[in-house]
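Throughout, read-outs are computed from the coordinates displayed, never taken from laboratory work. Values in this document were obtained by computation on a predicted structure and should not be read as measured data. Cβ atoms come from the backbone with ideal geometry, glycine included; neighbour counts cover every protein chain shown.
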Amino acid sequence: MEFNIRDVKRDDLPSVLQLIQELADFEKAANEVKITVSELIKDFENNLFNCLVAEFDTEIIGIALFYNRYSTWKGKTIHLEDLIVTQKYRSRGVGKALLNAVVAIAKKEKLRRVEWNVLDWNTSAITFYKNVGANVLEDWLVVQLDENGIENY
């Protein structure tokens, strides 16, 4: 199967949102997606994130959405927010190609870390990440303030 990895374009963002919703459905959190296409477009135009897409024919079949972070220990890093491949095209090398492209950006920019989160029950993703040489840190916990937490802080 021949597919192409390229930078996202503004017109791709509705398809990006569809993949985000597909991931939320997979993670049993369908109602958690609050972002809209117009918000994605605004944030994209304000350079709040970068996104690579995997394209087969004219269909977007996967994305790697990421942004820069800063580590007090490592300096500039990349946070990979989501690596999504639509169900129909999984296990065909699309996810690995997207991750390879993100890592290539990190190498080009001489970054010291690319990081992301994975749910502890997503064993296929954990296996995939370990197989490409990633360290799955089991001693660090993700901490968040959600919208209510921010409001009530």
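Quick notes
- Loop GluC sites (Glu not before Pro), segment 91-153 (other Cβ atoms within 10 Å of the site Cβ: 14 or fewer; DSSP): Glu109, Glu138
- Over the C-alpha trace of segment 4-152, radius of gyration and Dmax come out as 15.5, 48 angstrom.
- Dipole check for segment 4-152: with +1 at the C-beta of Lys and Arg, -1 at the C-beta of Asp and Glu, and the Cα centre as origin, the magnitude is about 920 Debye.
- Under 17 Å of direct C-alpha separation, and excluding same-chain neighbours fewer than eight residues apart, Lys96 reaches these aspartates and glutamates: Glu2, Asp7, Glu55, Glu81, Asp82, Glu115.
- When each of Lys88/Lys130; Lys76/Lys107; Lys9/Lys107; Lys76/Lys108 is checked by Cα-Cα distance, pairs over 18 Å: Lys88/Lys130; Lys9/Lys107
- Of the trypsin sites (Lys or Arg not before Pro) in segment 1-38, those whose Cβ has at most 13 other Cβ within 10 Å and which sit in DSSP loop: Lys9, Lys28, Lys34
- Think of the chain as a dipole: +1 on every Lys or Arg Cβ, -1 on every Asp or Glu Cβ, centred on the Cα centre; then among Asn47, Leu17, Val33, Asn47 lies furthest on the positive end.
- J(HN,Hα) series, segment 89-94, from Karplus relation 6.51 cos²θ - 1.76 cosθ + 1.60, nearest Hz, glycine and proline x: 10, 6, 6, 10, x, 5
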